[in-house]
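Written out below as structure tokens is the structure these notes cover.
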Ligand code: ARG
């Protein structure tokens, strides 16, 4: 079912009114409609076009008001139009959304195919907070785009290839006694420790370093035993990554792995074609490309290394090969790379080279969706006390423990099993929401106590808000929440709207707009802000308008408002990848 949002209806009406009063060449001008404190909406269109129309903005606004029959409208200030929507139109919108299992959210992005490249941890290395950001942000974007109708292809470009594997495999071969396999979530820690021991020996023992290099050659030549050892490392790491995704509630699964190794065979052609096209040049034995305007601090151009001096291919060559596959085979209209801001230059150069080579046509958008660094309380990149990078798993453990502390202060009457499940849901919500609610491109401070706070703009607060709505509904309906369509049928559009009901209804009506905004800007924090405002509007409504104690049609209408709020909060949290338990 299509539900036209109230703001969209108002926008269309003001646009039409504006078009009628403006000279023909300004037809369809943006009416600039925004939510407003003074009325439901304010249109600034008359001000925006006055100059071009050669008329005073108030004059234009006056004419627009005269043409807006379906709303209460008045001119304000230098030429704004304040618009108030009739009560029955608002109730109608509430009923329509409540009757729809998608809450009236349309699929405006259908027909578009989007590849989202995110998470991308490295085999045999512990995931760190940077991978957390990529996983959480990428997942939220993938969910929002898919919900709006895009055909989303998730790609987890894990680091599963490189000379480090020679060292690791050689080390394992020489130290059969070390166990690392089959330890579940501990596998990554065991591998990470191994990696460090191998690196230490590599640096201290030249003979071992030589044997390791020979092992790289074996790997590249597909020597069966070496390949088997490599496969084992990759498979075990993938399993450990999947365990983390399951715990985090991230959609990535085994079908989404798109490791660097997958592109090995495509790399020689990448280099050859770039050389043939004159885009790449040989420099000091390596093959490099340059991008106009990308210069180092000394003013000399920064090279993008596609083939190293030793003949090995770099990270850049692989990324170029992925673009070809994503464009040619996957037919992507758009490719999003959710990667640390520090890789900004890399992507700028990769996209530039891919465009010049014709692998990335103008019609396909490639974007580096960059994010800032996670900082510790000291304002420096987040590290453990001993200066090590923080393990993702530890971070989640800390958040769950903090949530248990907060829950412990409440008289919740949970069984031990319920407590576990709520602590898990809230711990994950705390961590994910803290990440998503910050402006993506900025650094943010990881502060567990702030994350699990039950007030303020936190994931736990929103989960509480949702659980509270569920509890109100249980009381108001004697435990039997009315079926959706049925509840919608109960909306009586003739009732006058209380201002707090109006504010809540208009907030509910803006859900799709918030989602579109996230997709347009690639900024999940806009959905967080929307949900927080919605929860605030609900609190104001509930303070001013009794539900359980109300009677008749008023009660029925308010139950629908509560149910729609609960479902919108749950759907919104769900699109952020956050669970919404019914009891907290
Ligand atoms: N594995 C890389 C890292 O851990 C991130 C890869 C990002 N994705 C890409 N297509 N380059 O830093």
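Working note: Debye formula, equal point scatterers on the alpha-carbon atoms of the chain, no solvent; log10 I(q)/I(0) at q = 0.05, 0.06, 0.09 Å⁻¹ is -0.28, -0.40, -0.84.
For segment 347-495, the equivalent ellipsoid built from the Cα gyration tensor has semi-axes of 39, 29, 13 Å, listed from largest to smallest. For the chain, take the longest principal axis of its alpha carbons; what is the angle in degrees between that and the long axis of helix 164-174, to the nearest 10 within 0 to 90? So the helix axis and the longest Cα principal axis differ by about 60 degrees. What the pair-distance distribution of segment 491-542 shows, using all Cα-Cα distances binned every 10 Å from zero, is 26, 43, 23, 8 percent.
Distance between the pseudo-spin-label points of residue 383 and residue 223 (7 Å out from Cα toward the beta carbon): 3.7 nm. Across the chain, the mean sequence separation of Cα contacts (distance under 8 Å, 6 or more residues apart), normalised by length, yields a relative contact order of 16 percent. Evaluated over the Cα positions of segment 89-230, the convex hull gives a direction-averaged projected area, one quarter of its surface, of 13.0 nm².
Taking other Cβ atoms within 10 Å as a rough exposure proxy, 525, 412 sort from fewest to most as 412, 525. Over segment 524-584, all Cα pairs binned in 10 Å intervals from 0 give whole-percent P(r) values of 21, 46, 27, 6, listed from short to long. Length gained on full extension, residue 269 to residue 544, computed as 0.36 nm times the residue gap minus the Cα-Cα distance: 92.2 nm.
In terms of its Cα atoms, segment 164-248 spans 42, 27, 21 Å along the principal axes, sorted from long to short. Note on segment 6-85: Kirkwood radius taken over Cα pairs, Stokes-Einstein applied at 4 °C and 1.567 mPa s, translational D equal to 109 µm² s⁻¹. So the label point goes 7 Å from the Cα of residue 363 along Cα→C-beta, right? Which residues of segment 296-334 then have their backbone N under 20 Å from it? Hits in segment 296-334 for residue 363 at 20 Å: 323-334. For the chain, the longest principal axis of the Cα atoms and the long axis of helix 499-509 meet at an angle of about 40 degrees. For the chain, adding -39500 (n - 2.57) for each run of n ≥ 4 DSSP H residues and dividing by the number of residues yields -17000 deg cm²/dmol at 222 nm.
For segment 424-575, relative contact order (Cα pairs under 8 Å, six or more residues apart, normalised by length) works out to 31 percent. In this calculation the C-beta distance from residue 294 to residue 207 is compared with R0 = 51 Å, giving a FRET efficiency of 0.80.
Using R0 = 51 Å, the C-beta based FRET efficiency linking residue 520 and residue 176 works out to 0.40. The residues 424, 368, when put in order of fewest to most other Cβ atoms within 10 Å, stand as 424, 368.
The overall shape of segment 271-375 is oblate: from the C-alpha gyration tensor, with semi-axes ordered a ≥ b ≥ c, the ratio a/c is 1.5 or greater and a/b is no larger than b/c. Taken over the alpha carbons of segment 24-128 as equal point scatterers, the Debye sum produces base-10 log I(q)/I(0) values at 0.10, 0.12, 0.14, 0.22 Å⁻¹ of -0.52, -0.64, -0.74, -1.11.
In the calculated pair-distance distribution of segment 424-575, the portion above 27 angstrom amounts to 26 percent of the Cα-Cα pairs. As a rough footprinting exposure proxy, the listed residues 388, 125 were ranked by other beta carbons within 10 Å of their own, and the order from fewest upward is 388, 125.
Readers should treat all values here as calculations from the given coordinates under stated rules, not as data from a laboratory. All of these numbers come straight from a predicted model, not from anything done at the bench. Please note: Cβ atoms are built from the backbone with ideal geometry, for glycine as well, and neighbour counts cover all protein chains shown.
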